[in-house]
Amino acid sequence: MRKEKQMKSTTATKLMQECLDGMQRSGVIDMAIAVNVDTVILGTGSFLNSIGFVTFISDLEERVSAVTGQEHYLVLTEIHEFNAEQAFLSAGTLAQYIEKITE
């Protein structure tokens with residue numbers, strides 16, 4: 001895979017889909033999930049339990065770091081600032097955050 005210095009939100013969304021597909025194949029989640037900007041990752045309406053969420057974030061950090069060639073960490077308190085008016089974290093908000101931290 002080609003290294004991207006800055007990741008676009010569309011690439012981040014594709015990586016989220018890859019994470020969820022892997023989690024479904026390994027049995028961490030029971031059903032296939034199609035990621036779109038409105039998919040709830042954390043909070044009311046999320047399909048992930050606490051172990052699933054931690055697994056998802058860890059896998060996503062590794063994938064983002066691999067694609068960019070630099071270590072990146074997803075810091076929930078920073079992500080929450082992006083979505084201060086919402087009681088949940090959507091895939092669209094997370095993708096925008098990833099785009100910002102890889103600038």
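Determine whether the stretch 88-96 contains at least one residue that is in contact (Cβ under 8 Å) with a residue 24 or more places away in the chain and at positive phi. No, the stretch 88-96 contains no residue that is in contact (Cβ under 8 Å) with a residue 24 or more places away in the chain and at positive phi.
Residues that are surrounded by fewer than 11 Cβ atoms within 10 Å (Cβ to Cβ) and aliphatic (A, V, I, L, M) within the stretch 33-50 comprise just one, Ala34. Taken together, the residues in the stretch 41-56 that are free of Cβ contacts under 8 Å to residues at least 40 places away in the same chain and either more than 17 Å from Gly22 (Cβ to Cβ) or in a loop (DSSP other than H, G, I, E, B) (or both) amount to 4.
For the stretch 13-37, a residue qualifies if it is of a type in the set (D, E, K, R) and modelled with pLDDT under 95, and exactly one does: Asp30.
Condition check ((1) in contact with a Leu (Cβ under 8 Å, 6 or more places away or on another chain); (2) within 14 Å of Leu94 (Cα to Cα)) across all residues:
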| position | (1), (2) |
| --- | --- |
| Ile29 | yes, no |
| Val35 | yes, yes |
| Thr39 | no, yes |
| Gly43 | yes, yes |
| Phe56 | yes, yes |
| Leu60 | yes, yes |
| Gln70 | no, no |
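Residues in the stretch 8-40 that are aliphatic (A, V, I, L, M), in contact with a helix residue (DSSP H, G or I) (Cβ under 6 Å, 6 or more places away or on another chain) and not in a helix (DSSP H, G or I): Val28, Ile29, Ala32, Ile33, Val35, Val37.
When only residues in the stretch 57-72 that are outside any loop (DSSP other than H, G, I, E, B) and free of Cβ contacts under 8 Å to residues at least 40 places away in the same chain count, which is farthest from the chain's Cα centre (by Cα)? Per the criteria, the residue is Ser65.
Counting only residues that are of a type in the set (Gly, Ala, Ser) and either surrounded by 18 or more Cβ atoms within 10 Å (Cβ to Cβ) or modelled with pLDDT of 95 or more (or both), the stretch 68-103 holds 4 of them. Exactly one residue out of Ser65, Ser58 is of a type in the set (Gly, Ala, Ser), surrounded by 11 or more Cβ atoms within 10 Å (Cβ to Cβ) and under 20 Å from Glu103 (Cα atoms), and it is Ser65.
The values are calculated or read from the model by the stated rules, or taken from the named source; none is laboratory data. Bear in mind that the values here come from a model prediction, so they are computed numbers and not experimental data. So basically every Cβ, Gly included, is an ideal-geometry build from the backbone, and we count neighbours across all protein chains shown.
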